[in-house]
Structure formats: structure tokens, C-alpha cells
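Read the figures in this text as sums done on the coordinates, not as results from a lab. All figures in this text were calculated on a predicted structure; none of them were measured in a lab. Note: ideal-geometry Cβ built from the backbone for every residue, glycine included; neighbour counts use all protein chains shown.
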Amino acid sequence: AEQIGQLFQPFNRLGRDTGQEEGTGIGLVVTKQLVELMGGTIGVESIVGVGSVFWVEFSASSAPALVFGHEGDARVLQPGMTEQGHDLPRRTVLYVEDNPANMALVEQLIARRSDLHLLCAIDGLQGVTMAREHLPDVILMDINLPGISGFGALTILRGDPTTAHIPVLALSANAIPREVEKGINAGFFRYLTKPIKVDEFMEALDLALASIPAKSSDLRVGSA
Ligand code: MN
């Protein structure tokens, strides 16, 4: 108990400096700093000859907010709409992803393309709902999602005549060849693995866009 106060001091190994176990005595100091930088607390309970319990405590965070495309983009909810001054029809991409870092990266990549705009959903069911509502031209689907998986969402989309035609690209952290094969067999247009490789990603996206008959978006504009 009398040594616990020294535990989080740098290079203080509480007299174990000459022992067999390697170390420099900074691990707990770094841990404490990281925990506190994130607004948390760290503590320890220790019984000599029995063991020690280290604990960390953090505030719960709220789920990321739903993002509808980019700020100030009034055309976000108009699939197939022609951008002013351009002949290219604007294509809509729906990205279903629960990881904010991946979402931010894809948002940046899509923002470079004036012919594309992005809709975002943070879980599989929301993705299916938005796909039915907005009929995007292409869907990017994370596999490991809260609620239903990317495979489950694909099954629903394929079973619904209004969304069955939309090419769906899988984006998964699981790079095992058997999983990739399973993804292609399930009906994904492409199965891309994370971390996202920008060239491969844009190429696959363009292939998916090219696979859509030009008529479909024209028809949609006409019937809107
Ligand atoms: Mn995920």
C-alpha cells in the first residue's frame, strides 16, 4: 500500500529494476497520460502475494450522428439529378459504415468527384431503409456492422425488386481469401478489403458506375 503512490512515476519499478523481468518503468505512466487525455481515470488495487487489479474508467460516448452528404449540398436527396452547367448526371453513392474514420476517408474521396455525392448510414437496417428511399446508384457496404451484417443487408436488398439491381461493393476488414470468395458468391459486385487502397477503391467504384445502364438514371429523372 505504501508503494502504490510511486507506481505511476516514470522509471520507478518499485525496486524491481535489477530483476529478471525486462522493462523501463514507463508503461503505466504513458497509460495514465493516455487515459487522462481521453478524460478517463486509472486506478489499482493490489494485495501483496496475490495480485493487482488495474482499472480504467471512461465516459460512454453517444452514437455518431447520421450524416446526409456534405454540408450545403442541397442536391443530396435528388438521385440522378444533373449538376448545373454540366452534362454529367450526378450519381448517388450510399455508404453503410459504423466506423467514423472509414466514413471520413470515403467522404474525402467522394468529395473530390463533382459527379458523385454521398449518403451515409451507420448500420445495416438504416442502410436498407435509405437504399429503398433514395435508390442510390451504387452502395458501399461494410461487413461487420451493428445489428444485421453486410451480408444480411445485401440479402434484403437483393430480395427487394426496387433495390435488387443496385451494385453493392463490400468493404471489409476481413481479408481471408475464403471470406472474399464468400462475398463474391453472395452477390457483392466487388469485395474490397480494408485499409482502403485509394486507387483500387476508385477503380472499383467507377466499374460499378459503368455497369449501370445510362437509361436507368434518365428514367428516374423523368419520373421524379
Ligand atoms: Mn464495421
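What chymotrypsin sites (Phe, Trp or Tyr not before Pro) does region 129-190 have in DSSP loop regions with at most 15 other beta carbons within 10 Å?
Those that pass, being in a loop and sparsely packed, number zero.
Give the long-range amide H neighbours of Thr193: residues separated by 5 or more places, or on another chain, with amide H under 5 Å away, using H modelled in the peptide plane at 1.01 Å from N.
Ser172
State the Cα centre-to-centre distance between region 88-128 and region 4-59 in whole Å.
Using only Cα atoms to place each centre, the spacing works out to 42 Å.
Which order do Ser172, Ser114 fall in if you start with the one that has the fewest other Cβ atoms within 10 Å?
Numbers: Ser172 21, Ser114 10.
Starting with the residue having the fewest Cβ neighbours, the order is Ser114, Ser172.
Residue by residue through region 53-61, which ³J(HN,Hα) values in whole Hz follow from phi under the Karplus form 6.51 cos²θ - 1.76 cosθ + 1.60 (θ = phi - 60°), with glycine and proline marked x?
Using θ = phi - 60°, the values come out as 10, 9, 10, 10, 9, 10, 6, 5, 10 Hz.
Give me Rg/Rg_expected for region 139-189, where Rg uses Cα atoms only and Rg_expected = 2.2 N^0.38 Å with N residues. Before the final figure, lay out the partial values.
On the way: Rg = 10.5 Å, N = 51, 2.2 N^0.38 = 9.8 Å.
That ratio works out to 1.07.
Quick one: which residues, 5 or more positions from Ala121 or on another chain, have an amide H under 5 Å from its amide H? H modelled 1.01 Å from N in the peptide plane, none for Pro or chain starts.
Tyr95, Val96, Glu97
If we count other beta carbons within 10 Å of each Cβ, what is the order of Ser61, Ser52, fewest first?
Ser61, Ser52
Could you put Asp199, Asp137 in order, starting from the residue whose Cβ has the fewest other Cβ atoms within 10 Å?
By the 10 Å Cβ count, ascending, the order reads Asp199, Asp137.
Using amide H atoms built 1.01 Å from N in the peptide plane, name the residues 5+ places from Arg91, or on other chains, whose amide H lies under 5 Å from its own.
Here the answer is Leu116, His117, since their amide H atoms fall under 5 Å of that of Arg91.
Roughly how many debye, to the nearest 20, is the charge dipole of region 125-211 about its Cα centre, given +1 on each Lys and Arg Cβ, -1 on each Asp and Glu Cβ, and no other charges?
Value, rounded to 20: 260 debye.
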